[in-house]
1. With the Cα gyration tensor of region 14-159 giving a ≥ b ≥ c as the square roots of its eigenvalues, does the rule (a/c under 1.5 for rounded; else a/b larger than b/c for prolate; else oblate) give rounded, prolate or oblate?
2. Taking θ = phi - 60°, what integer Hz values does the Karplus form 6.51 cos²θ - 1.76 cosθ + 1.60 yield along region 33-44, in sequence order, with x for Gly and Pro?
3. Quick check: residue separation of Leu139 and Phe201 times 0.36 nm, minus the Cα distance between them. What number comes out in nm?
4. For a quick check: with amide H placed at 1.01 Å from N, whose amide H comes under 5 Å from Val8's, ignoring anything fewer than 5 positions away on the same chain?
5. At a Förster distance of 30 Å, what's the computed FRET efficiency of Asp25 paired with Asp93, Cβ-Cβ distance as r, to 0.05?
6. Under 5 Å between amide H atoms, partner at least 5 residues away or on a different chain: which partners does Asp13 have, H built in plane at 1.01 Å?
7. Within 10 Å of each candidate Cβ there may be at most 16 other Cβ atoms; applying that plus a DSSP loop requirement, which trypsin sites (Lys or Arg not before Pro) in region 1-100 survive?
8. Between Gln184, Ile73, Leu126, whose Cα lies farthest towards the positive end of the dipole of region 56-207 when Lys and Arg beta carbons carry +1 and Asp and Glu beta carbons carry -1, centred on the Cα centre?
Amino acid sequence: ETPTGKIVYLTFDDGPSNLTNDFLDILEAHDIKATFFMQGINLQKENLQESVKRAAEEGHYVGAHSMTHDYKILYNDFQFVPEMKETLALIQDITGTKPNLVRAPYGSAPGLNGEQVRNQIVENDLKLWDWTIDSQDWLLAKNPTQIVTNIKNATNREQEVILLHEKAQTLAVLPEIIEFYKSQGYQFAVYHENHHFEMNFQNDDRL
């Protein structure tokens, strides 16, 4: 059933990594399901594929974050949809799941400002999520507590989608982030295709 009330979606970009299992351990300890947006170039690393399988088996959603994460290739050279389809196919090969949710590297604005590419996304039955809160975690290797502060300061909606990355500093404060949302009465949710809602900077209700 569709989650109601105060809901937070933890989302982790740029995996899989050598930290993926550590993230999964913390999520498992707190009985939380999260949403991962993984990169093709990392999914191809055989030593990381077990952790991708594990994520799917433990009830997390694994979506696509492109093959290259290269702005020019994705947006200027119009490889967004081909790269996402290639990444989703890799995820399916590894996990047996059939995801259709993607996250645009650098967010959907300005990269997807052109209606033509958004039409292509729709025609290929892909869905796209940006976020409501950018934790800025990737910038804060030396100052992990600022990640938590950024999240606390930006939390003001009934439904929050938090942008996080598979970084050591993020792992270090993940329990604190979880505690904060619990203290604020949020439930943790994982993306589900049957309960999709619009969450993109283009305000395109087809995505």
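The values are calculated or read from the model by the stated rules, or taken from the named source; none is laboratory data. None of the values given here were measured: they were computed from a predicted structure. FYI the Cβ positions are ideal-geometry reconstructions off the backbone, even for glycines, and counts take in every protein chain you see. Protein only, heavy atoms only, side chains kept; ligands, DNA and RNA dropped before computing areas. Shrake-Rupley method; radii C 1.70, N 1.55, O 1.52, S 1.80 Å.
1. oblate
2. Whole-Hz 3J(HN,Hα) from phi for region 33-44: 9, 10, 10, 10, 10, 9, 9, x, 4, 8, 4, 6.
3. Numbers: separation 62, 0.36 × 62 = 22.32 nm, distance 2.16 nm.
Roughly 20.2 nm would be gained on extension.
4. HN-HN under 5 Å from Val8: Glu160, Gln187, Phe188, Ala189.
5. 0.75
6. Phe37, Leu164, His165, Glu166
7. Lys6, Lys45
8. Comparing the listed Cα positions along the dipole, Gln184 ranks first.
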